[in-house]
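Report on the structure given below.
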Amino acid sequence: MQEEMEAVTAELEEKEYTATAGGDAVKAVVTGKMEVKSVEIKPEVIDPEDAEMLGDLVTAAVFPSAPNKN
């Protein structure tokens, strides 16, 4: 039983989870080990006068892509 749990845990840690925010304006990929692999941001959402909004979009994309959220 323990070996099976370890195998499942290892398998989940290897998977990648993807989430988007802002109508796909920001896309984040996170591993099962909670490592952010990539963040893609569409150029049209980059507004130098509203960095807070961009930060919110990145947070919204990263947080739900965590393995226990999808």
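Being without any contact (Cβ under 8 Å) to a residue 40 or more places away in the chain, open to solvent by less than 100 Å² (accessible area, probe 1.4 Å), of a type outside the set (S, T, Y) and part of a strand (DSSP E or B) is the filter here, so list the residues in the range 4-39 that pass it.
V26, K27, A28, V29, V30, V36, V39
Which one is nearest to A7 (Cα to Cα) among residues in the range 37-50 that are at pLDDT 90 or above and among the hydrophobic types (A, V, I, L, M, F, W, C)?
Filtering the range 37-50 for residues that are at pLDDT 90 or above and among the hydrophobic types (A, V, I, L, M, F, W, C), the one nearest to A7 (Cα to Cα) comes out as V39.
Tally time: how many residues in the range 40-59 are open to solvent by 60 Å² or more (accessible area, probe 1.4 Å) and either small (G, A, S) or closer than 28 Å to T9 by Cα (or both)?
3
The values are calculated or read from the model by the stated rules, or taken from the named source; none is laboratory data. Model, not experiment: these values are computed from the prediction. Ideal geometry is used to build each Cβ from the backbone, glycine not excepted, and the neighbour counts take in all protein chains shown. Ligands, DNA and RNA are stripped out before the accessible areas are found, and what is left, the full protein with its side chains, is counted by its heavy atoms. Shrake-Rupley method; radii C 1.70, N 1.55, O 1.52, S 1.80 Å.
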